[in-house]
Amino acid sequence: MGGSGRSSRDVLRSRRSGRPAAVSYTSLVKCPHCLEGIHENWAAVMNYTDLEAHHGVQWMVCPECKRYLLRLTRQPVTGSLVNVSFLYPRSTARPVPTDVPEPFRGDYLEASAVLGDSPKASAALSRRNLQHILREEAKVKHADLSAEIDEILKRGTLPSHLADAIDAIRQIGNFAAHPIKSQTSGAVVEVEPGEAEWLLDVLDSAFDFWFVQPAILKLKRDALNQKLSNVGKPPLKASPP
């Protein structure tokens with residue numbers, strides 16, 4: 001994912017215009033400033049190679065909030081995976097709805113906070129968090145993460161967008177080549193490009209399904225029952241557990 005080499009004139013021209021001169025498109029990610037989904041559009045500031053790895057410093061401007069992003073990439077000379085660390089901003093402050101209880105809330109905030117410095121650690125926290133949600137909220141049988149995902153998908157109880165997102169975790173994370181991600185969900189291992197961000201996005205959707213929407217419906221039900229009580233009518237029948 002290292003950018004192509006450019007002259008100092010190209011870099012100066014791109015800075016004056018506010019747009020990168022050399023462009024590389026990859027995946028859709030969230031801007032760490034405004035948290036809007038954006039297409040990555042990185043330009044190289046500098047590239048260098050030592051005995052261990054190819055290094056690059058890249059920048060772009062978020063098309064939504066117009067703020068600068070700066071990151072460091074590192075690709076081992078003997079490998080294909082590219083490790084990415086944000087130089088600016090240093091952390092991703094993702095909000096968590098107040099309806100999300102502990103420990104899910106705390107684990108999410110920690111995974112979000114370390115994303116810029118260590119995508120590997122962030123992904124490990126998010127995988128473990130998702131597994132905890134599946135066990136505690138969906139009541140899946142304890143197994144490895146891949147088997148637990150299979151169980152919840154086979155039930156057919158999830159909305160399609162959430163089912164597809166959870167299912168994609170195994171493909172994006174390349175579980176076939178890295179089975180430890182499934183066997184030990186909290187293991188800190190190499191991640192694929194965009195994997196850590198995707199896991200946080202999946203948790204956003206999981207929080208909405210298991211915590212936020214039920215809380216909203218409860219407030220609406222309670223308000224309606226109060227109105228029914230005021231006119232002498234019985235409350236709505238309680239939903240089965």
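If you check L199 against the conditions, is it touching a residue at least 40 places away in the same chain (Cβ under 8 Å) and closer than 26 Å to V82 by Cβ? When the stated conditions are applied, L199 passes them. Residues that are in the same structural domain as H132 (by TED's automatic domain parsing) and in contact with a strand residue (DSSP E or B) (Cβ under 6 Å, 6 or more places away or on another chain): does the stretch 163-171 have at least one? Within the stretch 163-171, none of the residues are in the same structural domain as H132 (by TED's automatic domain parsing) and in contact with a strand residue (DSSP E or B) (Cβ under 6 Å, 6 or more places away or on another chain).
If you check L203, L162, L158 for being closer than 30 Å to L236 by Cβ, at pLDDT 95 or above and not in a loop (DSSP other than H, G, I, E, B), only one passes: L162. The set of residues in the stretch 62-89 being of a type outside the set (S, T, Y) and either out of contact with any strand residue (DSSP E or B) (no Cβ under 6 Å at 6 or more places or on another chain) or not in a strand (DSSP E or B) (or both) consists of C62, P63, E64, C65, K66, R67, V77, G79, L81, V82, P89. For the stretch 94-145, the set of residues classified as among the aliphatic types (A, V, I, L, M), outside any helix (DSSP H, G or I) and touching a Leu at 6+ places or on another chain (Cβ under 8 Å) consists of V96, V114, L115, V140, listed by residue number. Inside the stretch 164-176, residues that are in contact with a Ser or Thr (Cβ under 9 Å, 6 or more places away or on another chain), farther than 15 Å from D204 by Cβ and of a type outside the set (K, R) make up a count of 2. Are any of the residues in the stretch 56-71 under 30 Å from Q131 (Cβ atoms), modelled with pLDDT of 85 or more, buried (at least 18 other Cβ atoms within 10 Å of the Cβ) and not assigned by TED's automatic domain parsing to the domain that holds G173? Within the stretch 56-71, one or more residues are under 30 Å from Q131 (Cβ atoms), modelled with pLDDT of 85 or more, buried (at least 18 other Cβ atoms within 10 Å of the Cβ) and not assigned by TED's automatic domain parsing to the domain that holds G173. Annotation note: Cβ proximity below 6 Å between a residue of the stretch 133-148 that is charged (D, E, K, R) and a residue that is modelled with pLDDT of 95 or more (sequence gap 6+ or interchain) occurs for E137/W210; E148/L134; E148/V140.
Taking the stretch 44-57 as the range and being in a strand (DSSP E or B), more than 13 Å from N83 (Cβ to Cβ) and not hydrophobic (A, V, I, L, M, F, W, C) as the test, the residues that pass are N47, Y48, T49. Here E192 clears all of (1) more than 15 Å from the chain's Cα centre (by Cα); (2) not in a helix (DSSP H, G or I) except the condition numbered (1).
The values are calculated or read from the model by the stated rules, or taken from the named source; none is laboratory data. From a predicted model like this one, the values you see are computed outputs, not experimental measurements. Ideal geometry is used to build each Cβ from the backbone, glycine not excepted, and the neighbour counts take in all protein chains shown.
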